[in-house]
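Student: Handing you a structure now.
The values are calculated or read from the model by the stated rules, or taken from the named source; none is laboratory data. Since the model is a prediction, treat every value here as computed from it, not as a measurement. With ideal geometry, Cβ positions are generated from the backbone for all residues, glycine too; neighbour counts draw on all protein chains shown. In case anyone asks, the SASA skips ligands and DNA or RNA and just uses the protein heavy atoms, side chains included. Shrake-Rupley method; radii C 1.70, N 1.55, O 1.52, S 1.80 Å.
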Amino acid sequence: MNSTEDKLKERIKELTCLYDVTSIIVNADYNQLETSLRAIVQCLKKAWLHKDDAEAYLSCNAYEVKTDAYKPTMVSLKSDIKVFNKIEGYIKVGYPKEKYSQSDFLEEEQILLASVSLAVGNLLERKQIRDSEAAVKRQMEHTDRLYILGEITAGIAHELNTPLANILGFAELLKERMVDKQAIQDLEKIVDNAIFSREIVKKLMFFACEMPQEMHSLHVNSNVESVLELLKPSLHEKNIKVNTSFSHDDIQLRADTVQLTQVLFNMIMNAIYYSPENGVIGLDIQEKEKNIEISISDQGKGIDPENETKVFEPFFTTKPHGEGSGLGLSVVHGIITSHKGTITHRPNTPKGTIFIIDFPKL
């Protein structure tokens, strides 16, 4: 390529490529980014001196796109893709090694490739920022929803307490006066159902953080062992093994003993319910610099993606009708929140769910 005309044609091809890449990026759909990246590698192919033999390849994070005839063995130019100043991938443009050598590339082509890599990196940065903002927005909406539910729940619980106490009290008085066995049995059913309803009210108050707390420094290890002892029959019924792991033998936490027991009981019971026969539950307690981390893993079916933000809402349950009130995890969430802690979940590998509870070392 010696003539001025040839050089001018190459510059026009390079500028056209940059213009096309910029247009693709400006109009990119962040939900279908692979389509845009595929269009970018097609643009690169057209910008090279020997465009009929040129092939392009892009690899970055979860994305991998290439032109149809690209082969890893080609002689190629390469430029790294940086996302927030960290190398996350690269772009290559190559020729078949049977026909070309490294000397067949132009210096300007390397500069063009670097410009395109920079533009792609900027595109991926914007996608990460957008995804992060969307995640924060979802979390805020979820937190607001839980707060509103907590306010409503607290009001409902307070309103129900008095009539339930009256039902229990008058039912007990009537039992003392009755001689008819059938009537006594009917009153006992009323009492049992009123007690059951009162327990639901207690759970609602836990969710709404309305229960009084008695905070003490307690020994987490022995608390965990006590809960596992209580759950032995349920574990034995499904032949489930619990693998426990402690960072050391004397983990101390300032918490309400009864409420911590309820958190552990509910979470392990939940893991038992969703675990298959002969399954394994992981229970890992780690003392870190500023917090106590409790991880509870199961090998169940996992949480459906569309239910991920609902699991801590009161009355939400995936259990069959009659097997759960949908208050277990919401109670846990309320208790942990009242201890200024957090609870999150993620998928287990190869299947199941891991719940991670963080209690601050107050």
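Student: If I ask for residues that are out of contact with any Phe, Trp or Tyr (no Cβ under 9 Å at 6 or more places or on another chain) and open to solvent by 20 Å² or more (accessible area, probe 1.4 Å), which ones from the stretch 46-60 would you list? Spell out the reasoning first.
Tutor: Going residue by residue through the stretch 46-60, those that are out of contact with any Phe, Trp or Tyr (no Cβ under 9 Å at 6 or more places or on another chain) are 46-47, 51-52.
Those that are out of contact with any Phe, Trp or Tyr (no Cβ under 9 Å at 6 or more places or on another chain) and open to solvent by 20 Å² or more (accessible area, probe 1.4 Å): K46, K51, D52.
Student: Next up: Which one is farthest from H219 (Cα to Cα), of the residues in the stretch 250-271 that are surrounded by fewer than 19 Cβ atoms within 10 Å (Cβ to Cβ) and touching a helix residue (DSSP H, G or I) at 6+ places or on another chain (Cβ under 8 Å)?
Tutor: The residue in question is M269.
Student: Just one of the numbered conditions (1) open to solvent by 40 Å² or more (accessible area, probe 1.4 Å); (2) touching a residue at least 24 places away in the same chain (Cβ under 8 Å) is not true of E306; which one?
Tutor: Just one mismatch for E306, condition (2).
Student: Identify all residues within the stretch 342-353 that are open to solvent by less than 50 Å² (accessible area, probe 1.4 Å) and in contact with a helix residue (DSSP H, G or I) (Cβ under 8 Å, 6 or more places away or on another chain); write none if there are none.
Tutor: If the condition is that a residue be open to solvent by less than 50 Å² (accessible area, probe 1.4 Å) and in contact with a helix residue (DSSP H, G or I) (Cβ under 8 Å, 6 or more places away or on another chain), then I343, G352, T353 are the ones that fit.
Let's see how each residue does on (1) out of contact with any helix residue (DSSP H, G or I) (no Cβ under 6 Å at 6 or more places or on another chain); (2) not small (G, A, S):
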{"site": "S36", "(1), (2)": "no, no"}
{"site": "I40", "(1), (2)": "no, yes"}
{"site": "L44", "(1), (2)": "yes, yes"}
{"site": "A54", "(1), (2)": "no, no"}
{"site": "N61", "(1), (2)": "yes, yes"}
{"site": "M74", "(1), (2)": "yes, yes"}
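Student: Same structure, new question: From S275, S197, S234, S247, which residue is open to solvent by 40 Å² or more (accessible area, probe 1.4 Å), hydroxyl-bearing (S, T, Y) and either modelled with pLDDT of 85 or more or touching a Gly at 6+ places or on another chain (Cβ under 9 Å) (or both)?
Tutor: Answer to the check: S247.
Student: Right, next: Look through the stretch 61-79, keep the residues that are open to solvent by less than 100 Å² (accessible area, probe 1.4 Å) and either aromatic (F, W, Y) or without any contact (Cβ under 8 Å) to a residue 24 or more places away in the chain (or both), and return whichever of them is farthest from Y90 (Cα to Cα).
Tutor: The residue in question is A69.
Student: Follow-up question, since we're still on this one. Scan the stretch 327-341 for residues that are open to solvent by 30 Å² or more (accessible area, probe 1.4 Å) and either in a loop (DSSP other than H, G, I, E, B) or in contact with a Cys (Cβ under 7 Å, 6 or more places away or on another chain) (or both) and report the count.
Tutor: 3
Student: One residue is enough: does the stretch 87-105 have a residue meeting the conditions in contact with a helix residue (DSSP H, G or I) (Cβ under 8 Å, 6 or more places away or on another chain), surrounded by fewer than 14 Cβ atoms within 10 Å (Cβ to Cβ) and closer than 25 Å to R11 by Cβ?
Tutor: no
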